[in-house]
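Peer 1: My questions will all concern the structure given below.
The values are calculated or read from the model by the stated rules, or taken from the named source; none is laboratory data. From a predicted model like this one, the values you see are computed outputs, not experimental measurements. Glycine gets a Cβ as well: all are built from the backbone with ideal geometry, and neighbour counts include every protein chain shown. Ligands, DNA and RNA are stripped out before the accessible areas are found, and what is left, the full protein with its side chains, is counted by its heavy atoms. Shrake-Rupley method; radii C 1.70, N 1.55, O 1.52, S 1.80 Å.
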Amino acid sequence: MSTLTLYNYELDDSSYRVRLLLSMLGLDYETFAVDMVPGNEQNSPTMLAMNPLGSLPILKDGDLIFYGTEAILAYLARAYDASGTWLPGDAAIFGSVMQWLNFSASALPAAIEARKVALFGLPGDLDSLKASARRAFRIMDDHMTLRQIDGMEWFAGTGPTIADVTVFPIFALSRDFGIDHDEFPALRRWIRRFRTIKGFKTMPGIPDYH
Ligand SMILES: N[C@@H](CCC(=O)N[C@@H](CS)C(=O)NCC(=O)O)C(=O)O
């Protein structure tokens, strides 16, 4: 097996998405610490040569390099999950997982931006970003409310998939940018379940709900 290297910023919610899946898959990997704040190192020439978008995380697997968190999660699931449960092959479940990966890439960037503004002091209109984040979290909470009525515990299919992994961090960390979980009871229940997945690891800001 080739060596996996994650180009990582410890406090970055998207790097955490990949750390979560690597851990849940039981994979060994190395990390390369990128000084995102305040260094902006993800935009250095060396990093841009790997990811021209200048974003984190980046995954290197031997000669392969991937950027875009959703793509990294899908690659890891397909390459290293022999059970096939993290990215199921069943067409309906696969489609549903892809829908949430797309949601994560298209509806959650405002929340990611809100956290950067609130936590790292980067420029941005926090009120407007929080309003967009709330709209996205409301869609997630409504989805999980209906799923729970049907006796389902996860975003797609019958077990945890990369759909859960991709949407977990930025919602779980929402108190970093002033959105409380009490507004989203179905997501609160889902967070408790998510924390019980084998290999779960936490990061600063993730609630314990003790
Ligand atoms: N679309 C990106 C989202 C990840 C993302 O937004 N990364 C942020 C940190 S949370 C980043 O690297 N920002 C660098 C910058 O804004 O210069 C992906 O999925 O990889």
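Peer 1: Of the heavy-atom accessible surface of segment 91-194 (probe 1.4 angstrom), what whole percent is carbon and sulfur?
Peer 2: Looking at segment 91-194 in its full context, I get 55 percent from C and S.
Peer 1: What's the magnitude of the charge dipole for segment 91-194 around its Cα centre, counting Lys and Arg as +1 and Asp and Glu as -1 at the beta-carbon? Answer in Debye, nearest 20. Please report the intermediate quantities before stating the final value.
Peer 2: Working: 12 positive and 12 negative charges, 26 e Å.
Using Cβ point charges on Lys, Arg, Asp and Glu, segment 91-194 gives about 120 debye.
Peer 1: Follow-up question, since we're still on this one. Compute the accessible area per residue over segment 19-160, keeping the other protein chains in place, probe 1.4 Å, unit Å².
Peer 2: 50
Peer 1: Along the positive direction of the dipole of segment 4-80 (beta-carbon charges: Lys, Arg +1; Asp, Glu -1; about the Cα centre), which of Tyr67, Tyr80, Ala49 reaches farthest?
Peer 2: Positive-most Cα among the choices belongs to Tyr80.
Peer 1: Give the percent of DSSP beta bridges with both residues in the chain that are antiparallel, rounded to the nearest 5.
Peer 2: 65
Peer 1: Here is a further query. Suppose every Lys and Arg Cβ carries +1 and every Asp and Glu Cβ carries -1, with no other charges. What dipole size does the chain come out with about its Cα centre, to the nearest 20 debye?
Peer 2: I would put it at about 400 debye.
Peer 1: Can I ask one more? Roughly to the nearest percent, how much of the accessible area of segment 18-81 is carbon and sulfur, given a 1.4 Å probe?
Peer 2: For segment 18-81, the apolar C and S fraction of the accessible surface comes to 54 percent.
Peer 1: List the residues, sorted by chain then number, that are 5 or more residues from Met36 or on another chain and whose placed amide H is less than 5 Å from its amide H.
Peer 2: Result for Met36 returns Glu41.
Peer 1: Let me ask something additional. Given springs between every Cα pair under 10 Å in a Gaussian network model of the chain, which of Lys116, Lys60, Lys198 has the largest fluctuation?
Peer 2: Looking only at Lys116, Lys60, Lys198, the biggest GNM fluctuation is shown by Lys198.
Peer 1: With θ taken as phi - 60° and the coefficients 6.51, -1.76 and 1.60, list the Karplus ³J(HN,Hα) couplings across segment 80-87 in order, rounded to whole Hz; mark glycine and proline as x.
Peer 2: Once rounded to whole Hz, the list reads 10, 9, 4, 6, x, 8, 6, 9.
Peer 1: What accessible area per residue comes out for segment 163-210, rounded to a whole number of Å², with a 1.4 Å probe?
Peer 2: Heavy-atom accessible area per residue stands at 41 Å².
Peer 1: Right, another one. For the chain, what does -39500 (n - 2.57) per DSSP helix run (n ≥ 4), summed and divided by total residues, give at 222 nm, in deg cm²/dmol to the nearest 500? Provide the component values of the computation, followed by the final result.
Peer 2: Values: 8 runs with 103 residues, N = 210.
Mean residue ellipticity at 222 nm (helix-derived): -15500 deg cm²/dmol.
Peer 1: Taking the Cα centre as origin and putting +1 on Lys and Arg beta-carbons and -1 on Asp and Glu beta-carbons, what dipole magnitude results for segment 1-60, to the nearest 20 debye?
Peer 2: Dipole of segment 1-60, to the nearest 20 debye: 180 debye.
Peer 1: Ranked from highest to lowest mean number of other Cβ atoms within 10 Å per residue, what is the order of the peptides 12-19, 136-143?
Peer 2: Ranked from most to least packed, the peptides come out as 12-19, 136-143.
Peer 1: While we're on this one: Provide, in order from the shortest bin, the percent of all Cα-Cα pairs of segment 91-194 in each 5 Å bin, continuing until the bin that contains the maximum pair distance.
Peer 2: Histogram of Cα-Cα distances, whole percents per bin: 2, 13, 24, 24, 18, 10, 5, 2, 0.
Peer 1: Note down the relative contact order for the chain as a percent, whole number, built from C-alpha pairs under 8 angstrom at least six residues apart. Working shown, then result.
Peer 2: Working: 285 pairs, mean separation 46.6, N = 210.
Relative contact order, the chain: 22 percent.
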